[in-house]
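**Q** Input: one structure, supplied below.
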Amino acid sequence: MSGTAMTKIVYKNIHLENSHTLAVYKANGGYQALEKALTLTGDDIIDEVKQSGIRGRGGAGFPAGLKWSFIPKDDRAKYLVCNADEGEPGTCKDRDILRYDPHLLIEGMIIAGYAVKAERGYIYIRGEFYREAERVQAAIDEAYAAGYLGDRVMGREVRFQLAIHRGGGAYVCGEETGLIESLEGKKGQPRLKPPFPANIGLYGGPTVINNVETLSSVPAIISNGGAWYGKLGVPKSSGTKLFSVSGHVNKPGNYEVELGLPMRVLLEEYAGGVRGGWDNLKGVIPGGSSTPVLTKSVCETVTMDYDALSRAGSMLGSGAVIVLDRSVCIVRAIARLSRFYRHESCGQCSPCREGTGWLAQVMERIEQGKGVQGDMDLLLSISENIQGKTICALGDAAAMPVVGAIKAFPEEFQYHVDHGRCMVA
Amino acid sequence: MPTLIVDGKEISVQPGATIMDAARLLGVYIPHFCYHPQLSIAGNCRMCLVEVEKMPKPVISCAMPVSDGMVVKTDSEMVRKARKAVMEFLLINHPLDCPVCDQGGECSLQDLAMKYGPDRSRYHEFKRHAHDYDLGPLVETEMSRCIHCTRCIRFSDEVAGVPEMGAVFRGDHMQVGPYVEKSLTSELSGNLPEVCPVGALNNKPFHFQARGWELKKSEGICAHCGVGCHVRVDHLNGQVKRLMARRCADINQSWICDKGRFAYDGLAQARLEQPVVRSESTYAREEVSWAAALDRTAELIKRFKPEEIAGLASDGVQGGEELFAFQDFLRHVVGTTDLDHRLRQRDFSGDEQPLTRADLLMNTPLTALGKADVVLLIGADPRFEVPLLNLRLREASLAGTRIFAIHPRQLKANLANFSQIVLQPGAEVAFLQGMLQALEGGAVAPEAAALVAAWQGAKRPLLLLGDYAVSHPQAETIRRLAVALLEKMSALGSEWNGFNRLASRGNGAAAQDMGVVPHRDPGYKRLERRGRNARQILQAAADGEIKLLLLLGCDPTLEGVDTRLGRAALAKAYVVYVGAHQTPAAMQADVVLPGLAITERDVTLTNVEGRAQRSSMAVMGPVQAKEDWRIFRALSDRFATPLSYNTREALRSRMAAADHRYALDDLEPGELSAACDHSPVTLGLPLEAGAGQAVAGQEAGLVLVLEPTFYQDDAVTRHSAILGQLAQGRSAAVGSLRINPQDAARQKVQAGQSVRLIHGERSLECVAALDAAVPVGAVFGDMGQAAVLMQDLCDWEGGFPRVSLVGL
């Protein structure tokens, strides 16, 4: 693979003028996938999506087709929820879909709703995405007027109602059960699992929750077939992925590439190279703020897919590639993230409520030069004590960057403790 | 049924049960904070993590449903490590103030910290401080100790039905408290300190009173309403320090109400401590020896003919033993048949009918209330009459039971699925007759349409007659109509009997059982020669026909329907007062024989279901006070035929012989006697209206309805300073006249204004309070408030008085 033009699926229209309008969308093949999908049965669609191998693009990477197939075939009202609460620091990929191609998402949602027999869908949009919410609402209005949404989708006996809900700005509402609570009008606190949303979700009904990017990939999968999509990318990480490259690169931005692309190619050929050249690279946080940082030596060879990053000790996550060059104090960077997680912990369960606060305070102390010997062990111990004991993954998300940074850059932490100041700045 | 292995022990449990449930069945203790068997699962403390084979991470046992073949380890290395981790997190911001914390010694956090906590802290940052709230007179807060288990929030939302507690803010800034600082209004708020696993919410009256481990604990039964909740009486140096709920699945589950919990400080107040006799020559009252007091009483009794002597007993906080001895003494030693306990009852026409226990008590056990599909509350305000019964109704209503109420006042109900029909006082009989006719195919009044439709579709209808219905001028007609409504639905059988009459005062059921009524012996044996009822006794005493009144814990100048008549009776007749607390009647009695309070003796109490239970002695009473039944026993020695029992055991076997439901000696420890052990309901009584009396006079004016004040309803609660502080769960102050704003505007009366209430030649000054819950055309007042005795305006006959108002 190289930096040559790759298949674009999710971002294929966003360069077009007025790409957010129904007219432009239709002129570029929009809603043809829906037309095709309505000739298939729901199970056929789920099989197609399973065959495509697409994994959830929100961060956890759970196979989407499998998730859909968990919806029980009973008489209860089912719900489809799109998670557009894009809050993971570093991530801004969904925003461009909402902004420039909302009909792609709507089409994907109608197909998904038809597949799992959900007649009602919600798009939970991050509170800060005010203009995006307006755009999506306008697109929904267009879709209703054109008969894609409503009691008779494209004139058939298929119902699909779609509404948007703006969040209140809590990171934890991006967690699917926290999102459901918030959507139901309650305080955004994740639920205990089991039961999983596929069985008891929104308003107690079976619920599918997918990320914007996942749902926006569905029309292409239906149009071209799951097998076609499965051939993109690499085995077990099929298809294309949006990467939000930020930090110390010359051309930060959103890039859609096939999974399995070497990170170095992504940074050098797409994102314009690391500021000051490749050798100025210190490390990369490859999948959003909760994923452990990778050192330069790992970045040399690692490829951008679920398994390779996992083997490298990190995660693909939401695809937010945060590039850190040598000017960065890793302690300070991670302390900032810890403060974020302390602020965003919902406070419900003990390890996360107390642990994120403790982590942030110790990180801040070290950063300020007030660390003491043993603080690194303390941080590792607190992190270990949080991980795997919380209601949702936020506790893990808070612990992982700390652990990752201490493992990758122990000398920087030690320097802070020993000298009371930073070795970089 | 899935089978799993917990710590090597195999057990089969119901599908859907959790690992915690299975462990509890096996007797395996899993440490926890947020889990409470009666609350929903929150799963937030993470203390109950256990290891399940084939699962990569520890799981919380309180929420994880079991599956077949699960292998659970509750004490493996992984589990111990996880618990230590959680424990450390809970402790880092918890103040180290156990030595001054009320919870110290009975604190889950303290206990588990001893087992899993680190011996020193790794936390060197500043500890978090949380804002403390003033939650009123019952609950004291120290929110820095809060571990955010949300038990108090879940209790308020789910059990009490008054969502007064919540959590604000996020992360380690999260704070539990009322959203807006205010007094708690729930009648169950005293349970909050009890569900709190740490010392964040404390029992305010108990604050700094004693340490948990110093307290001696006795098992008691609450006597302040008819539910008969199980309580634990904690006492130190002969003083009751606090009451706690004692779990009883069949009655009070895990809770008790604030009235029962906080009445204890009235126990030691204003006690009768020494026998007192009024000198016949000087009229001065003097403290005398027991022998002299008993001699004087015997002399008085011998001076008059048996028909010139009568007895009135309280059904409040008197035990079954003394009620039995009281009637035994009056009937068989004195030889009178004039005795009663029903001072609040207006309509005695039921006495002429062969009514039995089933007609007078509940027929649906508390545990079966939830099976009802439609409930009709007639003149009942269960939330402020029998709070723990109300919890059962609330549970049922949340599960879908439809609940209707007819009551003249808009109820402050905390029930789901609830609708009320507000009727003018006196419209009840016509309404129920209309409902009965509608069930027979007649026309349906629009306001009754939903009720009639629901009633017709009900499989297990349930009916509850409350305080207002029992004290109604047409109480017997209402009772018969209620029976007829159930008979229509075939709901009076042995499978399902939906007829329930609340004897809502403490021991009203025992007073009925023990025959403290003029027409029955104990065990519901009807008497040929019927004596005079409460009203007739007082009237006869006021007329000079009855010359001696024997009062057992009962004060007709405070408690009767007509306190003016009570005063007239006591002014004319000689009075012998037996009881524990000072009341106006006791302070003017010719002889006072001091008895013991409820916590100072072993006593039998019978609840609304007719379940007899024994409450044990906790503390000693005043030195000279005697167990009440022993007073009658000693008194009877001065007569030809003394009472035959010398010990409590002998008395109890006499009671058991009279009524088999009092044979409690055969019960296993912890076993309860049967509920609703009686049947059938008497059928076939005529239903014509007016069997009782006129409901209200015909003259112009507002109908005056008086209600007992929930928190000040008997000798103990009236003397409780803690309960005196409570806002009664309603807006108006105690003793004020509650009037509808429309009526108030018409009468040109403002809130807080003094008004004169006029009824015929009588009048009374009180303060008006505007209350939209009161219907137009009626005014409501409190019973039994010595400061404003509104019963002075009432007559026993003639129904509710009509009063006119003059603003002052």
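**Q** With the checklist (1) touching a Lys or Arg at 6+ places or on another chain (Cβ under 6 Å); (2) away from chain B (no Cβ under 11 Å); (3) under 24 Å from A:Thr91 (Cα atoms) in hand, flag the one item A:Gly369 doesn't pass.
**A** Result: A:Gly369 passes all but (3).
**Q** A further question on this structure: How do the pairs read when you match residues in region B:660-674 that are modelled with pLDDT of 90 or more with residues anywhere that are loosely packed, with under 13 Cβ neighbours inside 10 Å and among the acidic types (Asp, Glu), using Cβ under 6 Å and keeping only pairs 6 or more apart or on different chains?
**A** none
**Q** Also: List the helices (runs of 4 or more DSSP H) inside region A:5-120, counting only whole elements, that have at least 3 residues being within 30 Å of A:Pro235 (Cβ to Cβ) and in contact with a Ser or Thr (Cβ under 8 Å, 6 or more places away or on another chain). I'd like the intermediate steps shown before the answer.
**A** Numbers: elements: A:22-27, A:32-37, A:42-52, A:64-69, A:93-100, A:102-116.
Hits in region A:5-120: A:32-37, A:42-52, A:102-116.
**Q** Does region B:141-155 hold any residues that are farther than 24 Å from B:Ile92 by Cβ and either surrounded by fewer than 24 Cβ atoms within 10 Å (Cβ to Cβ) or among the charged types (D, E, K, R) (or both), and which are they? Break it down stepwise before answering.
**A** Taking region B:141-155 first, the residues farther than 24 Å from B:Ile92 by Cβ are B:154-155.
Of everything in region B:141-155, just one residue is farther than 24 Å from B:Ile92 by Cβ and either surrounded by fewer than 24 Cβ atoms within 10 Å (Cβ to Cβ) or among the charged types (D, E, K, R) (or both), namely B:Arg154.
**Q** Suppose we filter A:Ser381, A:Ser350 for residues that are closer than 16 Å to B:Gly171 by Cα and outside the structural domain of A:Gly169 (by TED's automatic domain parsing); which single one remains? First the steps, then the outcome.
**A** Values: A:Ser381 fails: closer than 16 Å to B:Gly171 by Cα.
The conditions single out A:Ser350.
**Q** Of the conditions (1) at the interface with chain A (Cβ under 9 Å from one of its Cβ atoms); (2) not in a loop (DSSP other than H, G, I, E, B), B:Asp21 clears all except one; give me its number.
**A** (1)
**Q** Checking the condition under 26 Å from the mean Cα position of the chain (by Cα) and farther than 26 Å from A:Arg275 by Cα, which residue from A:Glu364, A:Glu344 passes? Even if it seems obvious, please write down each step before you answer.
**A** Values: A:Glu364 fails: under 26 Å from the mean Cα position of the chain (by Cα).
On inspection, the qualifying residue turns out to be A:Glu344.
**Q** Residues that are within 12 Å of chain A (Cβ to nearest Cβ), basic (Lys, Arg) and within 20 Å of B:Asn44 (Cα to Cα), at least 2 per element: which helices (runs of 4 or more DSSP H) completely within region B:64-162 meet that?
**A** Details: elements: B:77-92, B:108-116, B:151-154.
The helices (runs of 4 or more DSSP H) meeting that bar are B:77-92.
**Q** Checking B:Leu805 against (1) more than 18 Å from B:Arg346 (Cβ to Cβ); (2) of a type outside the set (S, T, N, Q); (3) part of a loop (DSSP other than H, G, I, E, B), only one condition comes out false. Which one?
**A** That leaves (3) as the condition not met.
**Q** Go through A:Thr295, A:Thr301, A:Thr291 for me and flag whichever is under 22 Å from A:Val10 (Cβ atoms) and hydroxyl-bearing (Ser, Thr, Tyr). Steps first, answer last, please.
**A** Working: A:Thr295 fails: under 22 Å from A:Val10 (Cβ atoms); A:Thr301 fails: under 22 Å from A:Val10 (Cβ atoms).
When all the criteria are applied, what remains is A:Thr291.
**Q** Another question, then. Are any of the residues in region B:623-637 in contact with a Lys or Arg (Cβ under 7 Å, 6 or more places away or on another chain), buried (at least 16 other Cβ atoms within 10 Å of the Cβ) and among the aromatic types (Phe, Trp, Tyr)?
**A** In the first step, residues of region B:623-637 are kept if they are in contact with a Lys or Arg (Cβ under 7 Å, 6 or more places away or on another chain); the result is B:627.
Now drop any that are not buried (at least 16 other Cβ atoms within 10 Å of the Cβ), which leaves B:627.
Imposing the further condition that a residue be among the aromatic types (Phe, Trp, Tyr) reduces the set to none.
Looking for residues that are in contact with a Lys or Arg (Cβ under 7 Å, 6 or more places away or on another chain), buried (at least 16 other Cβ atoms within 10 Å of the Cβ) and among the aromatic types (Phe, Trp, Tyr), one finds none in region B:623-637, hence no.
**Q** Can you tell me how many residues within region A:311-322 are more than 16 Å from the chain's Cα centre (by Cα) and within 22 Å of A:Ala333 (Cα to Cα)? Please lay out each step first, then the result.
**A** Within region A:311-322, the first condition is being more than 16 Å from the chain's Cα centre (by Cα), and the residues that meet it are A:311-313.
If we keep only those that are within 22 Å of A:Ala333 (Cα to Cα) as well, we get A:312-313.
Selection size over region A:311-322: 2.
**Q** Additional query: Among strands (runs of 3 or more DSSP E) lying entirely in region A:187-277, which contain 3 or more residues that are assigned by TED's automatic domain parsing to the domain that holds A:Met304? Talk me through it step by step, then tell me what you get.
**A** Values: elements: A:207-211, A:240-247, A:253-258.
Here the list reads A:240-247, A:253-258.
**Q** Right, here's the next one. Answer yes if at least one residue in region A:390-398 is under 24 Å from the mean Cα position of the chain (by Cα), buried (at least 24 other Cβ atoms within 10 Å of the Cβ) and more than 11 Å from chain B (Cβ to nearest Cβ), and no otherwise.
**A** Quick first cut of region A:390-398, residues under 24 Å from the mean Cα position of the chain (by Cα) only: A:390-398.
Checking which are buried (at least 24 other Cβ atoms within 10 Å of the Cβ) leaves us with A:390-391, A:394-395, A:397-398.
This time we only want the ones that are more than 11 Å from chain B (Cβ to nearest Cβ), so: A:397.
Taking every residue of region A:390-398 in turn, at least one turns out to be under 24 Å from the mean Cα position of the chain (by Cα), buried (at least 24 other Cβ atoms within 10 Å of the Cβ) and more than 11 Å from chain B (Cβ to nearest Cβ).
**Q** Of these, A:Ala335, A:Ala393, A:Ala397, which one is hydrophobic (A, V, I, L, M, F, W, C), under 17 Å from A:Pro292 (Cα atoms), touching a helix residue (DSSP H, G or I) at 6+ places or on another chain (Cβ under 6 Å) and not assigned by TED's automatic domain parsing to the domain that holds A:Arg275? Quick ask: steps written out before the conclusion?
**A** Values: A:Ala393 fails: touching a helix residue (DSSP H, G or I) at 6+ places or on another chain (Cβ under 6 Å); A:Ala397 fails: touching a helix residue (DSSP H, G or I) at 6+ places or on another chain (Cβ under 6 Å).
That would be A:Ala335, the only listed residue that is hydrophobic (A, V, I, L, M, F, W, C), under 17 Å from A:Pro292 (Cα atoms), touching a helix residue (DSSP H, G or I) at 6+ places or on another chain (Cβ under 6 Å) and not assigned by TED's automatic domain parsing to the domain that holds A:Arg275.
**Q** Need at least 2 residues that are modelled with pLDDT of 95 or more, among the acidic types (Asp, Glu) and more than 21 Å from A:Ala60 (Cβ to Cβ) per element, so show me which helices (runs of 4 or more DSSP H) inside region A:318-416 make the cut, counting only ones lying wholly within it. So that I can check it myself, show each step before the final result.
**A** Working: elements: A:330-344, A:350-367, A:375-386, A:394-408.
Hits in region A:318-416: A:350-367, A:375-386.
**Q** B:Leu391: within 20 Å of B:Cys257 (Cα to Cα) and aliphatic (A, V, I, L, M), yes or no?
**A** Values: within 20 Å of B:Cys257 (Cα to Cα): yes; aliphatic (A, V, I, L, M): yes.
The answer is yes for B:Leu391.
**Q** For residues that are crowded, with 19+ Cβ neighbours inside 10 Å and free of Cβ contacts under 8 Å to residues at least 60 places away in the same chain, scanning just region A:129-162, find the one that is nearest to the chain's Cα centre (by Cα).
**A** Filtering first and then ranking leaves A:Phe129.
**Q** Then there is this: Among (1) surrounded by fewer than 18 Cβ atoms within 10 Å (Cβ to Cβ); (2) of a type outside the set (Phe, Trp, Tyr); (3) within 14 Å of another protein chain (Cβ to nearest Cβ), which single condition is A:Glu184 missing?
**A** (3) is the only condition that A:Glu184 fails.
**Q** Kindly provide the set of residues from region B:407-458 that are part of a helix (DSSP H, G or I) and either of a type in the set (S, T, N, Q) or free of Cβ contacts under 8 Å to residues at least 24 places away in the same chain (or both), ordered by number. Can you show your working first?
**A** Within region B:407-458, the subset part of a helix (DSSP H, G or I) is B:428-439, B:446-457.
Result: B:Gln433, B:Gly434, B:Gln437, B:Ala438, B:Pro446, B:Ala449, B:Val452, B:Ala453, B:Gln456.
**Q** Follow-up. Name every residue in region B:163-176 that is buried (at least 20 other Cβ atoms within 10 Å of the Cβ), out of contact with any strand residue (DSSP E or B) (no Cβ under 9 Å at 6 or more places or on another chain) and facing chain A (nearest Cβ under 9 Å), in order of residue number.
**A** B:Arg170, B:Gly171, B:Asp172
**Q** Still on this structure: A:Gly87: over 18 Å from A:Asn199 (Cα atoms) and either crowded, with 20+ Cβ neighbours inside 10 Å or more than 21 Å from the chain's Cα centre (by Cα) (or both), yes or no?
**A** On the way: over 18 Å from A:Asn199 (Cα atoms): yes; either crowded, with 20+ Cβ neighbours inside 10 Å or more than 21 Å from the chain's Cα centre (by Cα) (or both): yes.
Spelling it out, A:Gly87 is indeed over 18 Å from A:Asn199 (Cα atoms) and either crowded, with 20+ Cβ neighbours inside 10 Å or more than 21 Å from the chain's Cα centre (by Cα) (or both).
**Q** In the list B:Asp234, B:Asp250, which residue meets the criterion of being acidic (Asp, Glu), away from every other protein chain (no Cβ under 14 Å), touching a residue at least 12 places away in the same chain (Cβ under 8 Å) and closer than 22 Å to B:Leu39 by Cβ? Steps first, please.
**A** On the way: B:Asp234 fails: closer than 22 Å to B:Leu39 by Cβ.
Among B:Asp234, B:Asp250, only B:Asp250 is acidic (Asp, Glu), away from every other protein chain (no Cβ under 14 Å), touching a residue at least 12 places away in the same chain (Cβ under 8 Å) and closer than 22 Å to B:Leu39 by Cβ.
**Q** State yes or no: is B:Gln38 part of a loop (DSSP other than H, G, I, E, B), farther than 21 Å from B:Arg80 by Cβ and within 34 Å of the chain's Cα centre (by Cα)?
**A** Details: part of a loop (DSSP other than H, G, I, E, B): yes; farther than 21 Å from B:Arg80 by Cβ: yes; within 34 Å of the chain's Cα centre (by Cα): yes.
Criteria met by B:Gln38.
**Q** Quick check on A:Glu367: is it surrounded by fewer than 24 Cβ atoms within 10 Å (Cβ to Cβ), in the same structural domain as A:Asn254 (by TED's automatic domain parsing) and either in contact (Cβ under 8 Å) with a residue 24 or more places away in the chain or touching a strand residue (DSSP E or B) at 6+ places or on another chain (Cβ under 6 Å) (or both)?
**A** Values: surrounded by fewer than 24 Cβ atoms within 10 Å (Cβ to Cβ): yes; in the same structural domain as A:Asn254 (by TED's automatic domain parsing): no; either in contact (Cβ under 8 Å) with a residue 24 or more places away in the chain or touching a strand residue (DSSP E or B) at 6+ places or on another chain (Cβ under 6 Å) (or both): yes.
So A:Glu367 does not fit the description; no.
**Q** Which ones in region B:262-306 are touching a helix residue (DSSP H, G or I) at 6+ places or on another chain (Cβ under 9 Å), within 30 Å of B:Asn191 (Cα to Cα) and surrounded by fewer than 21 Cβ atoms within 10 Å (Cβ to Cβ)?
**A** Hits for region B:262-306 are B:Asp265, B:Gln269, B:Ala270.
**Q** Go through (1) in contact with a Lys or Arg (Cβ under 9 Å, 6 or more places away or on another chain); (2) farther than 22 Å from B:Gly379 by Cα one by one and return the number of the condition B:Gln750 breaks.
**A** Of everything listed in (1) in contact with a Lys or Arg (Cβ under 9 Å, 6 or more places away or on another chain); (2) farther than 22 Å from B:Gly379 by Cα, B:Gln750 misses just condition (1).
The values are calculated or read from the model by the stated rules, or taken from the named source; none is laboratory data. Remember, it's a predicted structure, so these values are computed and weren't measured experimentally. In this analysis, Cβ positions are derived from the backbone assuming ideal geometry, glycine residues included, and neighbour counts consider all displayed protein chains.
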